[in-house]
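Report on the following structure.
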Amino acid sequence: MADNANLITVSIVTPDGQVYESKTPMLIVRSINGELGILPNHMPVIASLAIDEIRIKQIEKDQEDDEIAVNGGFVEFSDNVATIVADSAERQNDIDVARAENARKRAEGRIQEAQQKHDDAELARAQVALRRAMNRLHVAHR
Ligand code: ATP
């Protein structure tokens, strides 16, 4: 088992409150500039997050990573504490797959309609909605 000084405390908060807290030997996030792996004693960093998953390694090596779907936001890391602030975040087991499937279909319909109407603003909004739905489905492994 890793010693506590070699662990990162991860906390994920949304407007609904704290959705996740744990200690980890490594976390992997996707910032808008690409993937960012954070190990203990990493230099301080602050980065905007993409709509993507966050992977949190478990202390026990044979355990599956925790996977969390986050909808943008940012990560701030210093002194071995990673704080993630996101508009929404769902743990893998909390994702309602039927809801995400419906959101995907709705977003695809909106994209088609916006393309026909050449409505760029609506197209951009619908593409973001599709990304949120696909991210949830991906994290739920569907
Ligand atoms: P929907 O159209 O289904 O509401 P959305 O992408 O518009 O999806 P958000 O605005 O990103 O939803 O999120 C609103 C709230 O609902 C957040 O608290 C988020 O965590 C939760 N949420 C959204 N979709 C799901 C899902 N598929 N499973 C679990 N929670 C979800």
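The table below gives the values:
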quantity	calculated
Residue satisfying condition, being among the charged types (D, E, K, R), more than 8 Å from the ligand (Cβ to nearest atom) and either closer than 24 Å to H42 by Cβ or open to solvent by 30 Å² or more (accessible area, probe 1.4 Å) (or both), within set E90, E108	E108
Filtered residues of the stretch 52-80 (kept if hydrophobic (A, V, I, L, M, F, W, C) and under 17 Å from the mean Cα position of the chain (by Cα))	I54, I56, I68, A69, V70, F74, V75, F77
Test: residue in the stretch 90-101 that is over 13 Å from V139 (Cβ atoms) and either under 14 Å from the mean Cα position of the chain (by Cα) or acidic (D, E) (or both)	yes
Tabulated pairs, the stretch 116-140, first over 12 Å from R104 (Cβ atoms), second acidic (D, E) and within 12 Å of the ligand (Cβ to nearest atom), C-beta under 8 angstrom, 6+ apart or interchain	V139/E90
Condition check for S31: open to solvent by less than 50 Å² (accessible area, probe 1.4 Å), of a type in the set (G, A, S) and on the phi < 0 side of the Ramachandran plot	yes
Odd one out for A82 among (1) open to solvent by 60 Å² or more (accessible area, probe 1.4 Å); (2) out of contact with any helix residue (DSSP H, G or I) (no Cβ under 9 Å at 6 or more places or on another chain)	(1)
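The values are calculated or read from the model by the stated rules, or taken from the named source; none is laboratory data. Small disclaimer: the values here were computed from a predicted structure and weren't measured. FYI the Cβ positions are ideal-geometry reconstructions off the backbone, even for glycines, and counts take in every protein chain you see. Only protein heavy atoms, including side chains, enter the accessible area calculation; ligands, DNA and RNA are left aside. Shrake-Rupley method; radii C 1.70, N 1.55, O 1.52, S 1.80 Å.
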